[in-house]
Amino acid sequence: MSKAYLILADGSFFEGNSIGAEGKTIGETVFTTGMTGYVETLTDPSYFGQIVTQTFPLIGNYGVQPEDFESKKSWVRGYIVRELCDGPSNFRCQGDLDSFLKAQNIVGICGIDTRKLTKILREAGVMNGMIISGQEAEKIGIKKADDGSCQLVSEAILKEIKEYKIENAVESVQSLCKEKGGDFKGQRPLGEGVAENAEGACSEGETSPVKFSVCLFDFGAKANIERELEKRGCKVTVLPYDATAQDVIELNPDGIMLSNGPGDPAENVSIIEEIRKLCQSKIPIFGICLGHQMLALARGAKTSKLKYGHRGGNHPVKDLESGRVYITSQNHGYAVESDTIPAYAKLSFVNANDNTCEGLTYTDIPAFSVQFHPEACGGPHDTNFLFDRFIAMMQEK
């Protein structure tokens, strides 16, 4: 393996080995605590613009399974692991992780102290970073201090890192469809390999007879949202991020699903305005992650960026009605500010670690939303029942 380097905006420096493609990449450096599901992480559009650090020390041990992809490609800007397994073993394995990263042109680094890196991000907050390897690494002029204890990089490099900004995130990850009204089926780049009853997929089994029609807004939707709806007898029509409220109303659906996606929710001004109009239609609405945040913004709440976000498959949330705590999968850097929630909404879930808003139920319209992922693949599935709640809402309507 050739050498690779990770440089953070605060000057922190890590030397390791190159994995994936060689070159240079800059992104927002974040960490995720998932022990499994790295394939889903790499193909989740919500990670657009981010360099992802896996805190679990060994990644790649079960290889790559295309039927588990959450979208057509990988959206991460870079990838960081402690140890990369180069000899995966699993009956569903169709390739190793390093080959996948190369094929997707993802620049990565392994062999660094990911615990130290995670501590930096927890204490200082997420920050921009650069992974550089190969010929690009030879150009930046890394120097060691006189005592050999640290490395120095030029101010020009640090300036380049600091200036990076995630922009046009939702528009950039049209992962499910390209045309208004486009059907998700047949547009999966892997064809039948990502079918609802694909061997080993999260939502195994046949889909139910069609009972409801649902419009799924694609803000960077994960494939398993559509699978979970179809499994419950929903005919799903996938709409692009720029579909209008009138487009939806003309389709006369039984329900509306607002998907997950990347970036700052408040930047999507035109989308939020269309959601505001849809709320007046009284069509049942279910929002997940970015969809939850933009629905809240449409109803008058505010959002703000978290210090280091919530990413991984072990985040506890408390159901304020039952008092029960669920373990959830999460991937977000922004949250709805609880003290800005309007009178016609009630807090339904809170994060058990930091008490941030994890769910809202609206009392004046048939709508609810959650910050976490009830469709999580590869788990946990504790909150999968929320899809049943959505079905019941449509049935009642």
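The values are calculated or read from the model by the stated rules, or taken from the named source; none is laboratory data. Just so it is clear, the structure is predicted and the values come from calculations on it, not from any experiment. Here the Cβ is made from the backbone with ideal geometry for all residues, glycine too, and neighbour counts use every protein chain on show.
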>> Return the residues of the range 353-394 that are closer than 14 Å to residue 283 by Cα and not polar (S, T, N, Q); say none if nothing qualifies.
In response: 362, 364, 365, 366, 367, 368, 390, 391, 392, 393, 394
> How many residues does the range 208-230 contain that are within 20 Å of residue 173 (Cβ to Cβ) and not in a helix (DSSP H, G or I)?
Replying inline: 8
> Hey, does the range 26-33 have a residue that's closer than 21 Å to residue 138 by Cβ and touching a helix residue (DSSP H, G or I) at 6+ places or on another chain (Cβ under 7 Å)?
Replying inline: yes
> Could you say which residue among 329, 369, 338, 348 is surrounded by fewer than 16 Cβ atoms within 10 Å (Cβ to Cβ) and either within 25 Å of residue 226 (Cα to Cα) or not hydrophobic (A, V, I, L, M, F, W, C) (or both)?
Replying inline: 338
> Quick one: is residue 32 within 12 Å of the chain's Cα centre (by Cα), surrounded by 23 or more Cβ atoms within 10 Å (Cβ to Cβ), modelled with pLDDT of 95 or more and polar (S, T, N, Q)?
Replying inline: yes
> Has the range 192-206 got any residue that is modelled with pLDDT of 90 or more, farther than 20 Å from residue 378 by Cβ and of a type outside the set (A, V, I, L, M, F, W, C)?
Replying inline: no
> of a type outside the set (A, V, I, L, M), under 21 Å from the mean Cα position of the chain (by Cα), buried (at least 24 other Cβ atoms within 10 Å of the Cβ) and over 19 Å from residue 128 (Cβ atoms): does that describe residue 71?
Replying inline: yes
>> Suppose the filter is over 27 Å from residue 248 (Cα atoms) and not basic (Lys, Arg); does residue 300 pass it?
In response: no
> In the set 25, 53, which member is crowded, with 22+ Cβ neighbours inside 10 Å and in contact with a Gly (Cβ under 7 Å, 6 or more places away or on another chain)?
Replying inline: 25
> Looking only at residues in the range 116-154 that are farther than 14 Å from residue 13 by Cβ and exposed (fewer than 12 other Cβ atoms within 10 Å of the Cβ), which one is modelled with the highest pLDDT?
Replying inline: 123
